Each structure stands twice: as C-alpha cells, then as structure tokens.
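*Asks:* To start, I am sharing the structure in question, which I have written as structure tokens.
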Amino acid sequence: MEASIPVIDLLSPGSAGAIADACGSHGFFKAVNHGMDVGIVETLEAEARSFFALPEGDKLSSSADLSKPLGYGCRSIGTNGDVGSVEYLLVSTVNSNSTMPIALCNALDEYMRIVQEVAGRVLVLMAEGLGMKDTDVFRGMVQRNDSDELLRVNHYPHSLRLEAPGSTGFGEHTDPQLMSLLRSNSVSGLQIALLDGTWLPVAPDAESIFINVGDVMQVLTNGRYRSVRHRVVAQAGEGVLSRLSMVYFGGPAPTEWIVPMPNLLQPQDTIFYKGFWWGDYKTAAGRTKLAACRLEPFLLHQLAARETPQSATVLLLNTTTTPE
Ligand SMILES: O=C(O)CCC(=O)C(=O)O
Ligand SMILES: [Fe+2]
C-alpha cells in the first residue's frame, strides 16, 4: 500500500471515487479546496488559545455548566485511566447558553456552522463513491435535530508533557462516530496506523482538513470503509509552538440502528457486523479503555485473514485490550 496520505481536491470531478478509495485503503485523507472560511477558523484558534491560557480553576469553572463528558478536561481522556499530555474542550452543537467566555462560545458556534457544511459535503461524496442512489443517507444521519455532533478542541502544551519526546499526547484509538473532520495548526504529532500496523506520521497542514472514517461508518459499509486507528505523539522542545487541533465528530441520533446497509450488500456477501443502537454503542465505548477495539463484540465472522475485509483484518491485528 502507498505509505503516504491520500490528498483529495473536494472540487475535482473525480473526488467521490478518490474518497471511496482512500476510505477503503487508509480510512483517512487530506482534503484541499474545502471552502472553509479562514477567518472563522483563525478566530476559533485564537479564542481557544486564550481560553487554554487561563488558570486551571477558571477553565474548569467556566465550563462547569457543561455536564460531563462535555466541558474542559485535562490529562485524563475518558474515565478509565487513559492519560495524555493534552487538555481539551468538548462541546455539542449550541454553546451560546454556556458560562464560557462569550467570544469563545460565538467562535465555537460559527466554526460548528461551517464545519457541518463541509462535513455534509464530504459525507455525500462518501455515499456517492460507494455508488449509493441516496447520496444523502450519511449526511442525513448526522444532521438530524437529535444527531450526536460534537466539537473537540485539543491543546498539547509543553507544560503537560508527561515524559520524554515520543510520549503520549493522545493515545491510540478509533473514533466511534461516522466520520471526523480535523483541522490543526502547523505543529506535527498526529499519526495513523496503516493496515500492516505501522504508524504513518501525518504532516500538519493548517490550510487543509483531514477526514477520519469512524467505527459506525465501518459497520454501515460492512468494512468497505475502514475506521482508522490514530494517535498523537507529543512534540519535544520548549521553543516549539504547541499543537492545537479542532475535531468535528459526526455521530448519528442515539436511536439510530447501526447495521451493514442492505443496499450496499450483494447476496453472496458475508455480513461482518451485527447491529447496535448508537446510544448503546456510545455508552459502551465510554466504559472501555481508549485503545480498545470497540467493534469486536459486534463482529459476526472472524474469518481467515485472506478472506477478511481490510477493516476486519486491522481490527483483529489491533485487538490489544478487551472491552469491559
Ligand atoms: O489532536 C489530534 O490531532 C487528534 C485528536 C483526536 O484523535 C481526537 O480528538 O479524537
Ligand atoms: Fe480521534
């Protein structure tokens, strides 16, 4: 396999096919010509930086009205002992009623608005690339009134460095939703796992966005799109600017039944996953370690590697922790 990140021009005529290829081979790609407003992105970056510069107590108290797991967090990722040299702010769609600084709330809401638009376009292209008649099916799932869309701003300051260079910024994991859209500043650290298990560093590019396939998309497509394992390795050096990333997670409504989509299956196809409600999956995911292979309990067939789709092969290779 190509040991480089696929780059896709969202405005090119062949973008749907290229996206389908990238989602099958890497579960990840870089998108250019995405059309996101640079001013809105930079405003959120500046507001987030000011927020993260506040004393710890202020950060905690100004997001205390956002009930857990939303709000500000530091070092701990989830509730199961995972730690990283990261602090973050996790919010859902409308933040204007929060006690967070008003300029930050506005910046988050504005960013959410533009990121939803481009995520919607990418989800349509993901469906088109699979040859689906209803190209709105994935976008429809994440853009219902009760859908589970989240925004997470991650900051990796030197002051939180846990150990020497090479230490964990954000431990390896897959994102549970359909897809994630990531924008970072120009500081490196993100890595993705290839099918053979090797880690490929992703060169940062503040002008582009990066798309991750998540667990739900892997199930809906019966493994044709693979949920990519990724992590952030902390950077060395005091003089270096700290990494700041903003990640949009496109999740469905809690009541959405997630199962391989019948119109993507041929009669002779093996069905690899049994179904689950998104709400249950999300709750279960919250109870596992970050690196857990959360889809494993839903795998129907553990076939020989040769017969296994790429996604399931990776799943089996990467099963390091048993979900609770
Ligand atoms: O900060 C990054 O680059 C990645 C963060 C991430 O994977 C996440 O928030 O799920
Ligand atoms: Fe992630």
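The values are calculated or read from the model by the stated rules, or taken from the named source; none is laboratory data. Computed from a predicted structure; not experimentally measured. Backbone-built Cβ (ideal geometry, glycine too); neighbour counts: all protein chains shown.
*Asks:* Specify the residue that is modelled with the lowest pLDDT; the eligible residues are those in region 81-107 that are surrounded by fewer than 19 Cβ atoms within 10 Å (Cβ to Cβ) and aliphatic (A, V, I, L, M).
*Replies:* The qualifying residue modelled with the lowest pLDDT is Val94.
*Asks:* Here is a list of conditions, (1) within 12 Å of ligand 2 (Cβ to nearest atom); (2) among the acidic types (Asp, Glu); (3) in a loop (DSSP other than H, G, I, E, B), and Glu172 meets all of them except one; can you say which number that is?
*Replies:* (3)
*Asks:* Related question: Working only within region 82-134, note down all residues that are of a type in the set (Asp, Glu) and within 11 Å of Leu151 (Cα to Cα).
*Replies:* Within region 82-134, just Asp109 meets the criteria.
*Asks:* In this structure, is Ala234 touching a residue at least 40 places away in the same chain (Cβ under 8 Å), away from ligand 2 (no atom under 12 Å from the Cβ) and out of contact with any Ser or Thr (no Cβ under 6 Å at 6 or more places or on another chain)?
*Replies:* In short, no.
*Asks:* If you don't mind, there's one more thing I want to ask. Considering each residue of region 258-298, count those that are part of a loop (DSSP other than H, G, I, E, B) and either hydrophobic (A, V, I, L, M, F, W, C) or closer than 18 Å to Asn222 by Cβ (or both), and give that number.
*Replies:* 19
*Asks:* Please specify each residue of region 234-257 satisfying the condition of being in contact with a Gly (Cβ under 7 Å, 6 or more places away or on another chain), outside any loop (DSSP other than H, G, I, E, B) and surrounded by 20 or more Cβ atoms within 10 Å (Cβ to Cβ).
*Replies:* Arg243 - this is the single residue of region 234-257 that is in contact with a Gly (Cβ under 7 Å, 6 or more places away or on another chain), outside any loop (DSSP other than H, G, I, E, B) and surrounded by 20 or more Cβ atoms within 10 Å (Cβ to Cβ).
*Asks:* So, in region 242-296, exactly how many residues are touching a residue at least 60 places away in the same chain (Cβ under 8 Å), touching a helix residue (DSSP H, G or I) at 6+ places or on another chain (Cβ under 6 Å) and of a type outside the set (A, V, I, L, M, F, W, C)?
*Replies:* Number satisfying all stated conditions: 6.
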